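S.K.: Dropping the structure in here first, questions after.
The values are calculated or read from the model by the stated rules, or taken from the named source; none is laboratory data. These numbers come from a predicted model, not from an experiment. Counting neighbours? That spans all protein chains shown, and the Cβs are built from the backbone with ideal geometry, glycine included. These area figures cover heavy atoms from the full protein model, side chains too; ligands, DNA and RNA do not enter into them. Shrake-Rupley method; radii C 1.70, N 1.55, O 1.52, S 1.80 Å.
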Amino acid sequence: MGRRLLFGMLNVVLYAEVALASLPSNPQAPGQAQAPAHVDSLRRALGLTPDVKLEWRTSMSGFDTLKLVDNFNRDYVGDSWDYDSRYWEVKDGELVLNANATSEWRYLATFKPIFNHGDRQIVAVSYRWGKKADAVGIGEGAHALMLDKPTKDASGYWLWRRTNQERVFLYAIKDGNWEYWPDSSKAYEIAQSHTPLPKAGDVINAVIRNEPTAVFFDYYINDKWDATLQDTSREFGKNVEWYTGVFIHGQQLNNQVDDFTVKWLQRDAIEPARVTDLRASDSTKNSVQLEWTMTGDNQLEGQADHLEIRYSTAPINAFNFSSAKLAANIPAPAPPGTKQRFSVTGLQLSTKYYFAMRVYDESDNVSLLSNVAQCNTKAESIAQKFQLVSGCGQSGIVGQALPNPIIVEVLDQYGLGFKGKVVKFVVTAGGGKVQGKDSIAVTTGSDGRAATPWTMGALPGLNQMTMRCAGLSGATLQCQANGTSGMPASISLDSWPNNLYPINTTTELPSLKVADALGNGVPGVLVQFNLATGGGSFVNGQPPDQKTFTDTTDAFGVTRARFNTSTAYGDTSKIIMAIPANNALQASLKVIAAPPETLRTISGNEQSALAGKTLPQPLKVRILDATGVPAKQYSVTFSVLSGGGTMALCAGGRPARPMSSFYHQSGAARFTPGGNDCPTGNSGIWAGKIELFSGGS
């Protein structure tokens, strides 16, 4: 026909077969898990052997899907098949023809356990090509469908895909052979195929639709539609009872089959299992919470459709259940095995209630009545206790709300939350706020709780709050929190009256403070001091040259550094302080090695001596730097300005040498003019000038 016909809804009524308890039971196959009771019951009703597997899948459509599978995992064909034992055998877990089968299409094996009849309609039959099946063998093997009896000489349809032609064939089987008439076969339809050739391991599925106008066969390869064929005469479709099987060509072809499967639908006639653990887990003055383990569609399997939960002030049993009051807003069933909860509302306070339930599937099969649970609703709720839930003891940044709100609760006599009580939150220390105010009133909600955010004050340290709820036990609660400094926002130096220091001396640099946006010192911040220009070094600075010093701010956000000044007079050292984690925050200062500033006469001025003789006292001067400290190793120039005379520096064992001027490097310089070697000037008066070397080092 070249067109795909979709499988529609069945238009017949299908019923489950119900087995009697007195029927003999078939044992489970070795290693097979214990099947549910309704599956075991059906196995007994069908007389299934352990060789075949029965699968039962529930649905929400009112029809369950059942499959019977023979996987041939044994070394014999077995009683589930009618076959000629001279030709058929099981080898390597597959159904095969042996070497005795020398003819062509003359070998039919009929599957006996499941057959179509008025209470059961088969909808699909499939098999899997064996592991060694090849193209030639696959083209010579077929479904046997709508067989008129459960024997090897039955008549019916055979449906197969020829591998040497891109077509699917629907022919007649007559008495187990291909010959409908002597030396002649009967074809109903040949249809163009639409999928690649099947190969070893592929599943071939025939979907059967027996309709009033024709019998249709939808041919699938691995769930992909290949062709649809029909018999408008319905030659074998007129039979109410029919069987299925396989029809195989002999002559030692590789056309082994595996996993022979028959699928049918049946109306759901299995009721859900009874709930056995219904209990009342909690109650209020007008509600009771029920809890149970959910059962399934078919006993404990599949999804149930709906629940019936009823309650009464009188004991409930199977006879009066329907007269008990139906609960409102009953939930849909949970998956089987799941714990489910539901609150029955609209109850009277201080009253004893009884509860029971039944479970339904989509076909209105109903479970037996559950066990009966009972519970008393509570009396009128009375507020009795006021207590803290959470939020105290936190730490938060100054000027910001704590990470979590402060939560308190009011409980009634049952330990349940009490709604409608007013709680007052009052800030008592630390300068913080609750919702922008010093105090606020909050009414408890349905859970009995009241909450508020708490913003810390502007200064680090202790913040305190009081919570009050008049007339209750524990009516006043105290709460504390710790305000901490915020992130570093500024870096600053203490005032520094003087930045001049003697050369090569150790000095304490001014304190440096790291503060947050509110001016609070931030402890624990890493600060780095770097010598940017000039000489000098940091005490305990980082090797090798001690040009960098790192320290952490103390509890007040303060750090300090000690610095060795330059060894060069007048040298300016520029120091930059920065936070490595935030280079935008920096400060700087300058340290100057004080230059020489003052020359003072110590002794030797205004003396008298004979001409040509040495003055009795040497001339002695002192140089002070800008801080008033003697300037060591600084050059001084002594010069004769008038009156003649000479000067000689007679020190260190060096020979005296007349000169009109010389210099001496000392904080306190001296020289001796005149003497035999250093005569004074002719006028007898000696005058001299002492100068500091300009640019002296």
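S.K.: Determine the per residue accessible area of the chain with all protein chains present and a 1.4 angstrom probe, expressed in square angstrom.
M.R.: Values: 33030 Å² over 697 residues.
That works out to 47 Å² for each residue.
S.K.: What does the convex hull of the Cα atoms of segment 59-170 come to per residue, in Å³, rounded to a whole number? Mind showing how you got there, number by number?
M.R.: On the way: hull volume 16.3 nm³, N = 112.
Considering the Cα atoms of segment 59-170, their hull volume per residue is 146 Å³.
S.K.: Express the relative contact order of segment 42-106 as a whole percentage, based on alpha carbon pairs under 8 Å and six or more residues apart in sequence. Show your work: numbers first, answer last.
M.R.: Details: 68 pairs, mean separation 14.5, N = 65.
For segment 42-106, the relative contact order is 22 percent.
S.K.: With a 1.4 Å probe and all protein chains kept in place, how much accessible area does K199 have, in Å² rounded to the nearest 10?
M.R.: Counting only protein heavy atoms, K199 exposes about 120 Å² to solvent.
S.K.: Given just the C-alpha atoms of segment 564-654, how large is their convex hull per residue in cubic angstrom? Mind showing how you got there, number by number?
M.R.: Values: hull volume 12.6 nm³, N = 91.
Dividing the Cα hull volume of segment 564-654 by its residue count gives 138 Å³.
S.K.: Here's a follow-up. Which whole-number percent gives the relative contact order of the chain, counting Cα pairs below 8 Å spaced six or more residues apart?
M.R.: Numbers: 1883 pairs, mean separation 53.0, N = 697.
Normalised by residue count, the contact order of the chain is 8 percent.
S.K.: Here is a follow-up. Using just the C-alpha positions of segment 225-368 as equal point scatterers, what log10 of I(q)/I(0) does the Debye formula give at each q in 0.12, 0.13 1/Å?
M.R.: The Debye formula, applied to the Cα set alone, gives -0.64, -0.70.
S.K.: Another question, if that's okay. Count the net charge of all other residues whose Cβ sits under 10 Å from the Cβ of A561, scoring Lys and Arg as +1 and Asp and Glu as -1. Kindly include the intermediate steps, with their values, before the conclusion.
M.R.: Values: positive: R560, R562; negative: E508, D551.
With Lys, Arg at +1 and Asp, Glu at -1, the net is 0.
S.K.: Still on this model: May I ask for the angle, rounded to the nearest 10°, between helix 37-46 and the longest principal axis of the chain, with both axes built from Cα atoms and the value confined to 0 to 90°?
M.R.: For helix 37-46, the angle is close to 30 degrees.
S.K.: A further question follows. Just round it to a whole percent: the fraction of Cα-Cα distances in segment 132-270 exceeding 26 Å. Mind dumping the intermediate values first?
M.R.: Values: 1957 of 9591 pairs.
Here the tail beyond 26 Å accounts for 20 percent of pairs.
S.K.: Tell me the mean residue ellipticity at 222 nm calculated for the chain from its helices only (DSSP H runs of n ≥ 4, each -39500 (n - 2.57), averaged over every residue, nearest 500).
M.R.: Details: 2 runs with 14 residues, N = 697.
For the chain, the value works out to -500 deg cm²/dmol.
S.K.: At a Cα cut-off below 15 Å, give the aspartates and glutamates reachable from K112, other chains included and same-chain residues fewer than 8 away excluded.
M.R.: Here the aspartates and glutamates satisfying the reach criterion relative to K112 are D51, D70, D79, D82, D84, D148, D153, E241.
S.K.: How large a share of the accessible area of the chain, in percent, is made up of carbon and sulfur atoms when the probe is 1.4 Å and the other protein chains stay in place? Walk me through the numbers on the way to the answer.
M.R.: Details: 16260 of 33030 Å².
That share works out to 49 percent.
S.K.: A further question follows. Can you tell me the relative contact order of segment 186-311? Whole percent, Cα pairs under 8 Å, sequence separation 6 or more. Walk me through the numbers on the way to the answer.
M.R.: Values: 141 pairs, mean separation 17.6, N = 126.
Reported relative contact order: 14 percent.
S.K.: Sort T565, T151, T276 from largest to smallest accessible area, using a 1.4 Å probe on the heavy atoms of the protein chains.
M.R.: T276, T151, T565
S.K.: Continuing with this model, one more query. Using only the Cα atoms, work out Rg/Rh for segment 356-406, with Rh taken as the Kirkwood radius, to two decimals. Each step should come with its number before you reach the end.
M.R.: Numbers: Rg = 25.2 Å, Rh = 17.4 Å.
Computed over Cα atoms, the ratio is 1.45.
S.K.: A further question follows. Report the percentage of all Cα-Cα pairs in segment 104-158 whose separation exceeds 17 Å, rounded to a whole percent.
M.R.: On the way: 671 of 1485 pairs.
Distances greater than 17 Å cover 45 percent of the Cα pairs.
S.K.: How long are the semi-axes of the ellipsoid equivalent to segment 111-200, from square roots of 5 times the Cα gyration tensor eigenvalues, in whole Å, largest first?
M.R.: Values: eigenvalues 107, 62, 34 Å².
Over the Cα atoms of segment 111-200, the ellipsoid semi-axes are 23, 18, 13 Å.
S.K.: Find the percent of Cα-Cα distances in segment 196-265 that exceed 14 Å, and round it to a whole number.
M.R.: Tail of P(r) above 14 Å: 68 percent of Cα pairs.
S.K.: Using the crude model of +1 on Lys and Arg Cβ and -1 on Asp and Glu Cβ, and no other charge, please compute the dipole size for segment 148-231 relative to its Cα centre, in debye to 20. Please list the in-between numbers first.
M.R.: Details: 10 positive and 13 negative charges, 36 e Å.
It works out to roughly 180 debye.
S.K.: Dividing the alpha-carbon radius of gyration of segment 329-488 by 2.2 N^0.38 Å (N being the number of residues), what value is obtained?
M.R.: Details: Rg = 23.4 Å, N = 160, 2.2 N^0.38 = 15.1 Å.
My calculation over the Cα atoms of segment 329-488 gives 1.54.
S.K.: Still on this structure, please answer the following. What is the Cα centroid distance between segment 449-467 and segment 151-223, reported in whole angstrom?
M.R.: Cα centres, segment 449-467 to segment 151-223: 85 Å.
S.K.: Hey, if we sort L68, L197, L472 by accessible area with the 1.4 Å probe, largest down, what's the order? Present the calculation step by step, with values, prior to reporting the outcome.
M.R.: Working: L68 0, L197 75, L472 20 Å².
Descending accessible area places them as L197, L472, L68.
S.K.: With every protein chain left in place and a probe of 1.4 Å, what is the accessible surface of R449, to the nearest 10 Å²?
M.R.: Near enough 100 Å² of accessible area.
S.K.: Now a separate question. Distance cut-off 21 Å, Cα to Cα: go down the list K199/K224; K385/K437; K91/K224; K285/K424; K67/K238 and report the pairs above it.
M.R.: Working: K199/K224 14 Å; K385/K437 27 Å; K91/K224 29 Å; K285/K424 28 Å; K67/K238 24 Å.
As for pairs spanning more than 21 Å Cα to Cα, those are K385/K437; K91/K224; K285/K424; K67/K238.
S.K.: How large is the dipole of segment 94-136 about the Cα centre if only Lys and Arg carry +1 and Asp and Glu carry -1, each at its Cβ, rounded to the nearest 20 debye? Could you put the intermediate results ahead of the total?
M.R.: On the way: 6 positive and 4 negative charges, 21 e Å.
The dipole of segment 94-136 has a size of about 100 debye.
S.K.: Separate question: Hey, what's the Kirkwood Rh for segment 438-485 if you take every pair of different alpha carbons, in angstrom? Each step should come with its number before you reach the end.
M.R.: Working: mean 1/r = 0.0796 Å⁻¹.
Evaluated on segment 438-485, it is 12.6 Å.
S.K.: I've got another one for you. Which value, in Å³ per residue, describes the convex hull spanned by the Cα atoms of the chain?
M.R.: Values: hull volume 247.1 nm³, N = 697.
Spelled out: Cα convex hull of the chain, divided by residues, is 354 Å³.
S.K.: How big is segment 246-326 on each of its three principal axes, counting only the C-alpha atoms and giving the largest first in Å?
M.R.: 83, 26, 16
S.K.: With only Lys, Arg, Asp and Glu charged, each at its Cβ (+1 for the first two, -1 for the last two), find how big the charge dipole of segment 401-445 is about the Cα centre; round to the nearest 20 debye.
M.R.: In debye, rounded to 20, segment 401-445 gives about 140.
S.K.: Considering only the other residues whose Cβ falls under 12 Å of the Cβ of R234, what net charge follows from Lys and Arg at +1 and Asp and Glu at -1?
M.R.: Values: positive: R209, K238; negative: E211, D231, E235.
Neighbour charge sum, excluding R234 itself: -1.
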